[in-house]
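Report on one structure; see the data block that follows.
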Amino acid sequence: MLALLLATVVATTPADIAFERLYNADFAGAQKVINEALRQEPANAFYYAVRAAAYSFGEMNRLHILETDFFLDDENLSSKEKLKPDPAVRAALYADVAQARKLASARLAVTPDDRDALFTMCMAASVITDYTGLVERRQWRSVKLESEVNVYAQKLLALHPPVVDAYLNVGSVEYIVGSLPFFVRWFVHYDNIQGQKGRGIADLKLVAATGRYYGPYAKILLAVACLRDKRTREARAWLAEYARDYPGSLIVRHEIETLDRKLAAGK
């Protein structure tokens, strides 16, 4: 109850507005909001991480990586076929991540449990990890980078109260590791991650309900998990919640239409 109360009373910031535009698939609009915010606060580390996320989501959208079919076919996740990332976007993304880390690290040197700085480091690491694995198709490099994401996520969850959004990082890894073949798990280890799919789903549901920035993202991941487990109707429900709150996302609306056709055909 306390987490829900805290989630409902936070002030709206440029980062909140940028994420709202991101989830409505207005990637250029999200960058415009953050660009203006950085003109006002050029030393705000978190804004650089948010802009890097906007670059990443925009690029994944352009390359059709955000479509659920991409995540339902394991060949897509392990394919060596190279995509064609935009070099200018890549350079801007890496520059923003570097600046976010520089500024956040300076704050952490003074206050090791600074919530905003820790979350900035977690988001920056997550952006690079996703970009490396999904766009650059360097999967094993991405697996190694995930360790850094997990370190910061665990620190965020150790705070009192914990940063709920960090459960998305932990929960998604729990689910993914739990989905790996047993012999592969011997080569994949993250601190405090047991590879329990049920625990991962529970973490994602918590973020979907009370997360500040990652709530809608958690709903997409839950929909993908449901589709992988052949729970089409439940997946549609998660996507419908997302579309209700973010009607600008044509991708999600298309996904719902596709699921409706499958349900009508009894699939």
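The values are calculated or read from the model by the stated rules, or taken from the named source; none is laboratory data. Quantities reported herein were computed from a predicted structural model and do not represent experimental measurements. For neighbour counting, all protein chains shown are included, and Cβ atoms are generated from backbone atoms with ideal geometry for every residue, glycine included.
A few points about this structure:
- Residue in region 155-163 that is closer than 21 Å to Gly133 by Cα, outside any helix (DSSP H, G or I) and modelled with pLDDT of 95 or more present: no
- Close contacts from region 246-267, counting a first residue that is closer than 21 Å to Ile17 by Cβ and a second that is assigned to a helix (DSSP H, G or I), with Cβ to Cβ under 6 Å and a gap of 6+ residues or different chains, come to Tyr246/Tyr23; Val252/Leu239; Val252/Tyr242; Val252/Ala243.
- Any hit, region 195-210, residues being without any contact (Cβ under 8 Å) to a residue 24 or more places away in the chain, crowded, with 19+ Cβ neighbours inside 10 Å and not in a helix (DSSP H, G or I): yes
- Condition met for Glu81 (acidic (Asp, Glu), more than 16 Å from the chain's Cα centre (by Cα), surrounded by fewer than 20 Cβ atoms within 10 Å (Cβ to Cβ) and modelled with pLDDT of 95 or more): no
- Hits in region 136-146 (condition: in a helix (DSSP H, G or I), surrounded by fewer than 16 Cβ atoms within 10 Å (Cβ to Cβ) and either at pLDDT 85 or above or of a type in the set (D, E, K, R) (or both)): Arg141, Lys144
- Close pairs (7 angstrom Cβ cut-off, 6 or more residues apart or separate chains): free of Cβ contacts under 8 Å to residues at least 60 places away in the same chain and farther than 11 Å from Asn44 by Cα in region 95-114, assigned to a helix (DSSP H, G or I) and of a type in the set (D, E, K, R) anywhere: Asp96/Arg51; Asp114/Arg107
- Against the conditions (1) part of a helix (DSSP H, G or I); (2) farther than 18 Å from Ala54 by Cα; (3) at pLDDT below 95, Lys230 satisfies every one except (1).
- Residues satisfying the stated conditions in region 95-134, i.e. in a helix (DSSP H, G or I), farther than 14 Å from Val50 by Cα and among the β-branched types (Val, Ile, Thr): Val110, Thr129, Thr132
- Residue, modelled with the lowest pLDDT, within region 164-191, restricted to residues that are assigned to a loop (DSSP other than H, G, I, E, B) and surrounded by 13 or more Cβ atoms within 10 Å (Cβ to Cβ): Val188
- Among the residues making up region 251-261, those that are surrounded by 12 or more Cβ atoms within 10 Å (Cβ to Cβ) and either in contact with a Lys or Arg (Cβ under 9 Å, 6 or more places away or on another chain) or closer than 12 Å to Ala235 by Cα (or both) are Val252, Glu255, Ile256, Thr258, Leu259, Asp260.
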